[in-house]
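Participant: Here it is: the structure, laid out below.
The values are calculated or read from the model by the stated rules, or taken from the named source; none is laboratory data. Just so it is clear, the structure is predicted and the values come from calculations on it, not from any experiment. All Cβ positions, even for glycine, are placed from backbone atoms using ideal geometry, and neighbour counts span all protein chains on display. Note: accessible area is taken over every heavy atom of the protein model, side chains too, but ligands, DNA and RNA are not part of it. Shrake-Rupley method; radii C 1.70, N 1.55, O 1.52, S 1.80 Å.
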Amino acid sequence: MAASGYSDLREKLKSMTPHRDEERDKYVDGASNGSGKGRKRKFRESDDDDCEHSDDSTELREQEARRVRSSIQQRSIFTPEECALIEEKIDDVVAQGEAGLYREHTVDRAPLRNKYFFGEGYTYGSQLEKRGPGQERLYRKGEVDEIPSWVHELVIKRLVSSGVIPEGFVNSAVINDYQPGGCIVSHVDPLHIFARPIVSVSFFSDSALCFGCRFQFKPIRVSEPVFVLPVRRGSVTVLSGYAADDITHCIRPQDIKQRRAVIILRKTRPDAPRLNSDSPLRSSPAERPAPLKAKRSHRKADPDAAHRPRVLEMDKEENRHPSASRHRRHSISSENYWRRGQDSDKHRESSGRKVKMRRH
């Protein structure tokens, strides 16, 4: 170090990367003269502090949270007794779905969450031929069941009489039934499909609706939300404006601690695109090609499989290359066993006899 003129390695590194100081000065100067307002400042202040961020990002999140909150209305309308009656009806819907009494596209199943479309349903997610916002389509008329009469009598009429929605507004009702740990990923209800507002009523248990989250999978992780809205059993939540159109909302797995159901009431736009006879669904049975044979890893688990590993592959290899398959099985064993296998192969080649190997 002394030979090179530096007594401290940090000074040498600093001299080798002068551009870092230039970048730092640029950000500091920009912040001081106003030209860099809104930027994050990231530079090394000391050996102990990795970086310093301006308060701008925190302020922006707080502003966004205020915009979300200002475009949400929430009211507690349904009494515990009314909730209990509606929850019995939801259980009836689940039972009819399990019994196969609904039309094909009325029921959409997902891990820890089942969705029931009534009145109008639409394609989304893996059902889309092309992924991305704006690709959703309403199902053809008659492909989902009509809105049950109890939804009209017990839910919609109650919301109309309370002044939440106007008469005749709802033509689409969806029931989302969540099990503990269930979720729905961040999304915006399709703008080209549904008019605003978006109305939802919660049942069975309390939960939370989160805004501005990002999901990651395997394992599932959710970023910190911009805004968290508690939703109580029997409460009505109305999304419009910024909360409905300009920021995503989701249900996080950690917010579903008990079974929870929500009835979502919406109105489809008159010009909403709809599937027709020339645009079959990805999952349409009539158009679906013959399924390929599943890989072993996708087959239904066999409880006895652990006691006979790789038997099928061994049979196939033995039928095609008897000596090679035996040699391969020996090669993955211990060294002594492999040597015994070599001796056995040499003996078999010299005698011309096929030695029968016992399976393990």
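Participant: Please compute the per residue accessible area over region 80-268 with all protein chains in place, 1.4 Å probe, rounded to a whole number of Å².
Facilitator: Working: 8380 Å² over 189 residues.
Roughly 44 Å² per residue, with all protein chains present.
Participant: Shifting gears a bit: Got a number for carbon plus sulfur as a percent of region 80-268's accessible area, 1.4 Å probe? If you can, show how the numbers build up before the last one.
Facilitator: Details: 4320 of 8380 Å².
That share works out to 52 percent.
Participant: Kindly count the pairs of lysines across region 80-268 whose alpha carbons are less than 29 Å apart, treating pairs on different chains or eight or more residues apart as eligible.
Facilitator: Lysine pairs meeting the criterion: 18.
Participant: On to the next question. Which order do the peptides 179-189, 92-102, 234-244 take when ranked by the mean count of other beta-carbon atoms within 10 Å per residue, highest first?
Facilitator: Numbers: 179-189: 16.4, 92-102: 13.6, 234-244: 20.2.
Most protected by this proxy first, the peptides run 234-244, 179-189, 92-102.
Participant: Bin by bin, in steps of 5 Å, what percent of the Cα pairs in region 208-269 do you find, going until the bin that has the longest distance?
Facilitator: Over region 208-269, the share of Cα pairs per 5 Å bin runs 4, 13, 25, 24, 20, 10, 3, 0 percent.
Participant: Label points 7 Å out from Cα along the Cβ direction at residue 55 and residue 103: separation in nm?
Facilitator: With each label point 7 Å from Cα toward Cβ, the separation is 5.7 nm.
Participant: How much FRET efficiency would the formula 1/(1 + (r/R0)^6) give for residue 228 and residue 189, where r is the Cβ-Cβ distance and R0 is 25 Å, rounded to 0.05?
Facilitator: Approximately 0.85, to the nearest 0.05.
Participant: Which value, in debye to the nearest 20, gives the size of the charge dipole of region 80-268 about its Cα centre, when Lys and Arg are +1 and Asp and Glu are -1 at the Cβ?
Facilitator: On the way: 24 positive and 24 negative charges, 132 e Å.
With Lys and Arg at +1 and Asp and Glu at -1, about 640 debye.
Participant: Using 0.36 nm per residue, how much length does the chain from residue 208 to residue 81 gain when fully extended, once their Cα-Cα distance is taken away?
Facilitator: So the chain would gain 43.5 nm between residue 208 and residue 81.
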